[in-house]
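Have a look at the structure below before the remarks.
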Amino acid sequence: MTTLVPRTRAGVAAAALLLVAACGGGSDIPSAAEDEAAAQKVVLSSADLPGYTQEPLDPDESSSAIDRCVANNPLLSVEDNPRGVSGADFTKDDKNVQVQSGAMFAEKEADARKAFSDIQAALSSQCLKDEMRKTLEEAVDPGVVVRTVSAQTLPAPGGTDQSVASRVTVPLESEDERLTVYADLTFLRQGRGLAGVFTLQAGSPFPDAERTRLGEVVGDRLSEHVS
């Protein structure tokens with residue numbers, strides 16, 4: 001039987017922002033290596049996700065759906081990431097549930113604020129829905145049809161200077177099965193730091209309480225390690 005669930009973790013990474021860094025300058029700014037080390041302390045670890053399996057990073061992953069919808073902001077790219085990291089991929093239930101996170105630091109807080117504004121605009125754009133549709137079409141088996149993609153705003157966790165969350169809903173259909181995939185994207189900014197938590201779940205939305213918990217964990221660490 002044709003499977004509706006994307007066969008690779010590209011389905012999650014497609015919904016995700018792999019946050020990277022920045023330009024600007026200042027004598028009191030930490031080095032890129034120091035920021036990268038701090039970002040590694042922000043992202044989710046296996047201890048945060050009991051019951052999940054940590055997957056190896058995919059070296060072939062390229063730009064994510066939201067990366068392609070941020071008006072070429074120079075801070076947001078999935079390549080050449082000197083001040084940020086893409087966290088590990090975590091899955092459970094035969095990869096029907098997937099979680100990823102990322103964190104980065106800009107050299108200037110103004111640059112981080114501008115990047116966050118661009119992210120907010122992208123979350124409500126037709127571009128994001130179109131890119132999610134394209135990514136899922138590339139990930140599913142032949143014969144699976146991607147139906148109308150929709151997006152809605154979700155409550156975002158507090159505790160940081162800025163936060164925003166959105167859910168992208170993607171109905172999939174084959175000759176003998178229908179399934180809906182839900183991609184939740186949460187972004188946080190504290191000072192010059194940015195972080196994101198990204199989940200994908202097939203069949204039902206990722207639980208709101210758990211999404212909020214993971215966002216708060218990452219937000220607390222971002223606030224702790226920003227300088």
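Going 7 Å from the Cα of residue 227 in the Cα-to-Cβ direction, what parts of the stretch 86-128 have a backbone nitrogen less than 12 Å from that spot? Under cut-off, by backbone N: nothing. Partners of residue 114 within straight-line reach, counting lysines whose Cα lies under 26 Å from its Cα and excluding those fewer than 8 residues away in the same chain: 41, 129. Listed by chain and number, the aspartates and glutamates whose C-alpha is less than 12 Å from the C-alpha of residue 95, apart from same-chain residues fewer than 8 away, are 55.
Residue 220 exposes around 100 Å² of accessible area when a 1.4 Å probe is run over every protein chain in place. Using 1/(1 + (r/R0)^6) with R0 = 35 angstrom and r between the beta carbons of residue 125 and residue 220, what's the FRET efficiency to the nearest 0.05? Efficiency for this residue pair is about 0.75. With the simple model of a label 7 Å out from the Cα in the direction of the Cβ, residue 209 to residue 141 spans 3.5 nm.
With Cα atoms defining each centre, the stretch 157-200 and the stretch 113-155 are spaced 10 Å apart in the structure. Model label points for residue 177 and residue 162, set 7 angstrom from Cα along the Cα-to-Cβ axis, are 4.0 nm apart. Per-residue surface analysis assigns residue 108 an accessible area of about 100 Å², computed on protein heavy atoms at 1.4 Å probe radius.
The values are calculated or read from the model by the stated rules, or taken from the named source; none is laboratory data. Given the structure is predicted, the values throughout are model-derived calculations rather than measurements. So basically every Cβ, Gly included, is an ideal-geometry build from the backbone, and we count neighbours across all protein chains shown. The area values use the complete protein model at the heavy-atom level, side chains included, leaving out ligands, DNA and RNA. Shrake-Rupley method; radii C 1.70, N 1.55, O 1.52, S 1.80 Å.
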